[in-house]
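The values are calculated or read from the model by the stated rules, or taken from the named source; none is laboratory data. Just so it is clear, the structure is predicted and the values come from calculations on it, not from any experiment. Note: ideal-geometry Cβ built from the backbone for every residue, glycine included; neighbour counts use all protein chains shown. Ligands, DNA and RNA are excluded from the accessible area calculation, which covers all protein heavy atoms including side chains. Shrake-Rupley method; radii C 1.70, N 1.55, O 1.52, S 1.80 Å.
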Amino acid sequence: MDKIIVHGGRPLSGFVKISGSKNSALPILAATLLTRDQCIIHSVPDLSDIHYMLQILSHLGAQVERASGTVTIQAENVATVAPYEIVRKMRASVCVLGPLLGRHKEARVSLPGGCVIGDRPIDLHLKGFRALNAACRVEAGDVRVFADELRGSTVDLEGRQGPTVLGTGNVLMAATLAEGITVIEGAAAEPEVVDLANFLTKMGAKIEGAGTRRITVEGVKELHGAEHCVIPDRIEAGTFLVAAALAGTVVTLRRVCADHLKAVTNTLSDAGYKMDITRDTITLHGNGSPRPVHIVTEPYPGFPTDMQAQMCALLSRAPGESTVTETVFPQRFMHVSELKRMGADIALEGATARINGVPHLSGAPVMASDLRASAALVLAGLVAEATTEVNRVYHIDRGYESIDEKLAGLGAEIQRVKQGN
Ligand code: UD1
């Protein structure tokens, strides 16, 4: 397993180009299963989660070609059973259920287990499929969904923790080929859902309201091929903004959608950072210590849960008390114990982290536990005294394209040490 070694204290400056969004690309790639025609997707990031999705599509029978950031897929004939060996590696594999159900009225995928950020059920996905007249069964560790015909209806996908992003995408994909009108109430309004809806619309789907809490889909008989460019990754962008806030002099992010990052840029502004923002660039001026802030994670357009760990790293250095409350995944605090090992003063009270800023963090060997937690540890390492060794970086490779190279390009002293598995 590779590890990343960061020598803290090097100032960051310059430009960094943000990659295509992982969370947009995954359901969009799955959506290509809805048609026999060829689809061309640009700006697909080079990440292990994307490789797993492409493997699943190939296994299902699709022709997949990849040339740098462009993926060409033709799913002329596809099977309906996704292989356990690949599916178990990535929870987002579940988003092939919707398109397979839409096209073949049948799909079978291994049921995703829990993960370190908590129990991650798919009951809302299944509620949506049932509303479309499908039956859902758990058989030998798999979830099987099937229907004689899919019929549109109204379904509320709001759960106890708010809307579901992949669940909205899954039901939306199935509904494009259902008979009649489907109304998804309590839909997720994340930009990644809008990107998926835009791609489906290019394929011939009839969708209104994407980006709001109520999406209406008028089913069509079939979808056709389409070409699409994935939106920039707002979480990668936010992570580089935090890196710049922690260790930057002047850092400019290119190829961002600044509109998607308002909750993050507003919070950084509250923390005392000056930013110059255009439609597709953000320049952050580093200014030493941040001011403490109080953050509550929420569904879009609120502060994203996927930026919570990185903000904990930043606020560890903000003199005074900050609080970070997690409402989307209340158990998502695995990074706290590792940040404490680097000298951070953080107390957990239920789903709230109370952070008292310290003047210095110190490098340590730390263990990445999930994708965003590992990013937080790398960020902390940028300003920690001495050397931070982040182990199990396969987590970070799931969601960040060449993070070590991009940070090195900004001036960080960071190396990846390759190790046999
Ligand atoms: C997506 C993102 C992930 C992000 C999350 C929340 C992808 C590939 N992943 O995950 O990075 O952190 O949105 O913004 O896009 N829930 C249920 N029942 C369900 C589904 C979800 O109770 O059937 C709960 C979850 O446990 C969680 C909340 O709803 O508490 C939100 O989860 P959800 O939006 O579904 O997350 P994902 O779509 O899996």
If you fit an axis through the alpha-carbon atoms of helix 234-247 and take the longest principal axis of the Cα set of the chain, what angle between them do you get, 0 to 90°, nearest 10? 0
Using 0.36 nm times the number of residues separating Asn287 and Ala408, minus their current alpha carbon distance, what extension gain do you get? 41.5 nm
Determine the percent antiparallel among the DSSP beta bridges restricted to the chain, to the nearest 5. 70
Count the DSSP beta bridges whose two residues both fall in the range 285-408, then state the antiparallel fraction as a percent rounded to the nearest 5. 55
How many angstrom lie between the Cα centre of the range 354-389 and the Cα centre of the range 185-213? 37
Cut-off 19 Å (backbone N to label point 7 Å along Cα→Cβ of Asn266), residues of the range 306-349: 306-309, 311-312, 323-328
Helix 165-175 axis, angle to the chain major axis (alpha carbon atoms, nearest 10°): 20
Lys340: which aspartates and glutamates have alpha carbons under 17 Å from its alpha carbon, excluding same-chain residues fewer than 8 sequence positions away? Glu321, Glu349, Asp370, Glu385, Glu389
Given a 1.4 angstrom probe, what's the average accessible area per residue across the chain, in square angstrom? 38
Overall Cα dimensions of the range 22-229, principal axis frame, Å, largest first: 40, 35, 31
Relative contact order computed over the range 104-194 (Cα-Cα under 8 Å; 6+ residues apart), in percent: 28
Label points 7 Å out from Cα along the Cβ direction at Val417 and Val138: separation in nm? 4.2
When the accessible area of the chain is split by element with a 1.4 Å probe, what percent falls to carbon and sulfur? 48
Note on the chain: alpha-carbon gyration tensor, axes a ≥ b ≥ c; rule is a/c under 1.5 for rounded, else prolate if a/b larger than b/c, else oblate; result prolate
Could you work out the helix-only [θ] at 222 nm for the chain, with each DSSP H run of four or more residues adding -39,500 (n - 2.57) and the total divided by the number of residues, to the nearest 500 deg cm²/dmol? -9000 deg cm²/dmol
For the range 22-229, the dipole about the Cα centre with charges only on Cβ (Lys and Arg +1, Asp and Glu -1), to the nearest 20 debye, works out at 280
Looking at the square roots a ≥ b ≥ c of the eigenvalues of the Cα gyration tensor of the range 43-138, which shape do they give, rounded for a/c under 1.5, prolate if a/b is larger than b/c, or oblate? oblate
If you find the alpha carbon centre of the range 231-260 and of the range 269-326, how far apart are they in angstrom? 11
Ratio of the range 312-371's C-alpha Rg to 2.2 N^0.38 Å, to two decimals? 1.07
When only C-alpha pairs under 8 Å and at least 6 residues apart count, what is the relative contact order of the range 22-96, in percent? 36
State the antiparallel share, in %, of DSSP beta bridges confined to the range 22-229, rounding to the nearest 5. 75
Ranking by accessible area, most exposed first, for Tyr84, Tyr400, Tyr300 with a 1.4 Å probe: Tyr84, Tyr300, Tyr400
Percentage relative contact order, the range 22-229, counting C-alpha pairs under 8 Å, at least six apart: 20
On C-alpha positions alone, give me the angle between the axis of helix 371-383 and the longest principal axis of the chain, in degrees, nearest 10. 20
Given the Cα-Cα distance of Arg10 and Tyr394 and 0.36 nm per residue of separation, how much length would full extension add, in nm? 135.8 nm
